[in-house]
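Contents: one structure, followed by commentary.
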Amino acid sequence: MSLGQDQAVKEAERIMDEIDRDRNGFIDYSEFLQICLQENRHLSKENLIQSFKVFDADSDGKISAEELKNVLETDELAAEHVWIDLIKEADTNGDGVIDLKEFISLMSKKLRTGAARG
């Protein structure tokens, strides 16, 4: 493993420790939303890039429905359309995946919406 990969793994583990509140080894949807709503702490571009890397398991610069499923799915299996719908919500260029720009836009929008409600 290269130094960059090692650092990415350590950062992913740090993020996982911070987000996985019930310590079950998974980030469930409520934990994901809760961390997204902490706007001031997590909206920095660097934090969003690191979060993107957690989802982008194959490091191709895109998040697929399968990658979303692998990170967010818990013991309770969700229907396949759930992951596809999440992709559609962020996929502004219609290529069927979420790129970094789309991810940042989605998270920024979600954080602003959550802050307005809270």
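Key figures
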quantity	calculated
Ordering of 9-15, 81-87 by packing [mean C-beta count within 10 Å, highest first]	81-87, 9-15
Residues with amide H under 5 Å from that of D99, placed H, sequence gap 5 or more	I63
Extension gain from H81 to D17, taking 0.36 nm per residue of separation minus the Cα-Cα distance	20.2 nm
Within straight-line cross-link reach of K110, aspartates and glutamates at Cα separation under 18 Å, skipping those fewer than 8 residues along the same chain	D28, E31, E39, E46, D85, E89, D91, D99, E102
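Each value in this text was obtained by applying a stated rule to the coordinates, not by laboratory testing. A quick note: this is a predicted structure, and the numbers were derived from the prediction, not measured. Heads up, the Cβs are rebuilt from the backbone with ideal geometry, glycines too, and the neighbour counts pull from every protein chain shown.
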